[in-house]
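Take a look at the structure below.
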Amino acid sequence: MLTRIDHIGIACFDLDKTVEFYRATYGFEVFHSEVNEEQGVREAMLKINDTGDGGASYLQLLEPTREDSTVAKWLAKNGEGVHHIAFGTADVDGDAADIKSKGVRVLYDEPRIGSMGSRITFLHPKDCGGVLTELVTSATTTEH
Ligand code: MC0
């Protein structure tokens, strides 16, 4: 069951500059940052709020680390902006299988490692009304 918005992914050319915009404009601070080599991104997670299921909601700022990454490709075509939304679930495997059975393409056969050790998969944007959609099971929170 999808229980929360885990994050909204925002693609940018310059992560440090974008982090500073969110800090100076809204007062949001970086909760966590990391490089995900597999996904080809450097990212900053800005925690917005805790959620009733023991998880949290974040803004995820994404800067590409290589030219052939999906985010670099998307930035070249669209410029900066909202890249994807992510729903939190206690069971990414089960929810991905259920959604796949409804005819939506799930992009990974097995969930991969996402931010903060989470397990993630993606749904094809062409099957989701133009919205790249991610499913996330957090590594550290206890969701029910
Ligand atoms: C591509 N398309 C999108 C899109 N990316 N539509 C909405 N939102 C996006 N973000 C559209 C294109 O405009 C194009 O439509 C069509 O999908 C095919 O795209 P493409 O540019 O030809 O590229 P493909 O097919 O090679 O790849 C698209 C696909 C890819 C969605 C399969 O981006 C992908 O695998 N994404 C999942 C992984 C990802 O995005 N990782 C970065 C975040 P037209 O109409 O022009 O044909 S990593 C992350 O977020 C992790 C670290 C985390 O959360 O923990």
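What to note about this one:
- Ranking of Thr89, Thr133, Thr65 by count of other Cβ atoms within 10 Å, fewest first: Thr65, Thr133, Thr89
- Note on Lys47: aspartates and glutamates with a C-alpha under 19 Å away, same-chain residues under 8 apart excluded, are Asp6, Asp16, Glu20, Glu29, Glu34, Glu63, Glu134, Glu143.
- Between the listed residues Leu75, Phe87, Thr65, the Cα displaced farthest toward the positive end of the dipole of the chain, a dipole computed from Cβ unit charges relative to the Cα centre, is found at Leu75.
- Beta bridges assigned by DSSP with both partners in the stretch 1-124 are antiparallel in approximately 85 percent of cases.
- Under Karplus coefficients 6.51, -1.76 and 1.60, residue-wise ³J(HN,Hα) of the stretch 111-127 in Hz, glycine/proline x: x, 10, 8, x, 4, 6, x, 6, 10, 9, 9, 10, 10, 5, x, 6, 9
- Ranked by how many other beta carbons lie within 10 Å on average, peptides 73-83, 53-63 from highest: 53-63, 73-83
- Dimensionless Rg ratio for the chain, taking C-alpha atoms and the 2.2 N^0.38 Å reference: 1.01
- In terms of packing, defined here as the mean over residues of other Cβ atoms within 10 angstrom, the peptides 120-131, 3-14 line up highest first as 3-14, 120-131.
- Enclosing the Cα atoms of the stretch 42-127 in their convex hull gives a volume equal to 117 cubic angstrom per residue.
- From helices alone, the chain scores -6000 deg cm²/dmol at 222 nm; the rule is -39500 (n - 2.57) for each run of n ≥ 4 DSSP H residues, then divide by the residue total.
- Relative contact order [Cα under 8 Å, 6+ residues apart], the chain, whole percent: 26
- Assuming charge only on the beta carbon of Lys and Arg (+1) and of Asp and Glu (-1), the dipole of the chain about its Cα centre is about 400 debye to the nearest 20.
A short reminder: the numbers here are calculations on the coordinates, not readings from a lab. Computed from a prediction, not measured in an experiment: that's the story for all the values here. Glycine gets a Cβ as well: all are built from the backbone with ideal geometry, and neighbour counts include every protein chain shown.
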